[in-house]
Ligand code: ADP
Ligand code: ASP
Ligand code: MG
């Protein structure tokens, strides 16, 4: 078998932890598998590097320089793990994203993978080596280092697994798998044995950072079998798979999970001229700047022919959003003291009353809902940040996920 294993920040957080990871990798190799390991930076390192840059500038630094800086974290871990493996008698080689052939576009700090030339990885595997790839990074077509967005080592792992047609892609982290909600917020959360790509994609996109959303999207596209499990024990993890593999799961619940996204900011534009094309031009400009707009609400028109427009963006894009929308309205207000709480489940497609239960649950807790958006399998609500965790626990109970 060809196994891709990805180890997240906490799993490689200290030198001792890297040694433990080396042992786990060796077990997999000894069982007769070819092994490619994808590693994150040691926990806290990426944030520390961002802080270093902030020492020099409060403005957003040049994104090419940021990528040079941030990609260093993963290079350190990959080199150390390869050194540890070699020392234990198991030939290994570390590779940067570039050496691993990961070519991306040039959207620095959130680049998309265009292609993987797996020649180097294949040659080293064929010579019997364990390949250790620095996650989270690639190289643009003109040769500059790029990074794939926060949590992007998950994406590296899935992309490498796809390029090598690996039999399985195991994502090792600090919890036993995917739970009905973040077990750090609700200790009664239950681990799921399986979850479909679509539900996992919604949960991840709505803030469940156990998997990066783009990695789930790619796993679905390339049909990569993903398993999330802990690097701290041998418990069975969660299989993320196609819906076809979910059918014989008799206990398929109505709701699979609740997610909390703290990286949200609400932008409100007041006094926007209410005529055709105005909203289009505002959102076009935001899209051109690569700003991810999520929920949008437009109020009914006022008597003076203006309206107000509200939308959410990730917090780290709110200043960029401000400069884009400045001048398009009488006033621009940004509130980053909000969070998004989402209820996700494919069972929603065939059941009614799912949304009303969410609204009444929050009402009973005295939590005001500022914005709502829904899809076929998800309901999301923006609430004041201080109520986020309370909302998660109340919804988890209301949908009987703790039973
Ligand atoms: P890594 O560094 O291994 O990539 P992350 O911190 O990115 O790990 O993701 C793991 C964390 O995701 C867990 O510690 C947990 O707090 C959080 N998390 C959020 N939602 C969920 C969920 N539904 N199931 C499991 N973990 C979750
Ligand atoms: N180190 C990067 C981050 O913290 C990538 C990752 O861990 O997946 O976002
Ligand atoms: Mg992660």
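Some notes on this structure:
- Theoretical FRET efficiency, 1/(1+(r/R0)^6), r = Cβ-Cβ of residue 68 and residue 304, R0 41 Å, to 0.05: 0.25
- Fewest neighbouring Cβ atoms within 10 Å first, the residues 220, 6 line up as 220, 6.
- Within region 259-279: backbone nitrogen closer than 18 Å to the residue 402 label point (7 Å, Cα to C-beta): 259-260
- Zone of residue 297's modelled label, taken as backbone nitrogen in region 342-379 under 12 Å from a point 7 Å along Cα→Cβ: 368-374
- Whole-Å distance, taken between Cα centres, linking region 4-82 and region 303-376: 34
- Residue of 88, 262, 378 that the Gaussian network model of the chain assigns the largest fluctuation, springs spanning Cα pairs under 10 Å: 88
- Computed P(r) (all Cα pairs; the chain; 20 Å bins; percent): 26, 54, 19, 1
- Coordinate range along principal axes, alpha carbons of region 180-244, Å, largest first: 32, 26, 20
- Acute angle (nearest 10 degrees) that the helix 354-364 long axis makes with the longest principal axis of the chain, alpha-carbon atoms: 70
- Rounded to 10°, Cα long-axis angle of helix 63-87 versus longest principal axis of the chain: 30
- With contributions of -39500 (n - 2.57) from each DSSP H run of at least four residues, the per-residue ellipticity at 222 nm computed over the chain stands at -10000 deg cm²/dmol.
- Stretching residue 355 away from residue 58 to a fully extended chain increases their span by 102.8 nm, per 0.36 nm per residue minus the current alpha-carbon distance.
- Computed FRET value (nearest 0.05) for residue 88 with residue 1, which takes r as the C-beta separation and R₀ as 22 Å: 0.55
- Region 100-164: C-alpha gyration tensor shape, a/c 1.5 cut-off, then a/b vs b/c: prolate
- Residue of 178, 325, 354 that the Gaussian network model of the chain assigns the largest fluctuation, springs spanning Cα pairs under 10 Å: 325
- Whole-percent P(r), region 1-75, all Cα pairs, 5 Å bins from 0: 3, 15, 21, 17, 14, 12, 8, 6, 3, 1, 0.
- The Stokes-Einstein estimate for region 1-139, based on a Kirkwood radius over Cα pairs and taken at 20 °C with 1.002 mPa s viscosity, is a diffusion coefficient of 138 µm²/s.
- Scaled radius of gyration (Cα, divided by 2.2 N^0.38 Å) that region 215-334 gives: 1.55
- Taken over region 253-403, the alpha-carbon convex hull comes to 127 cubic angstrom per residue.
- For the chain, the longest principal axis of the alpha carbon atoms and the long axis of helix 278-288 meet at an angle near 20°.
Every number in this text was worked out from the coordinates using simple rules, so none of it is lab data. Here the structure is a predicted model, which means the values were calculated and not measured. Positions of Cβ are backbone-derived with ideal geometry, glycine not excepted, and every protein chain shown enters the neighbour counts.
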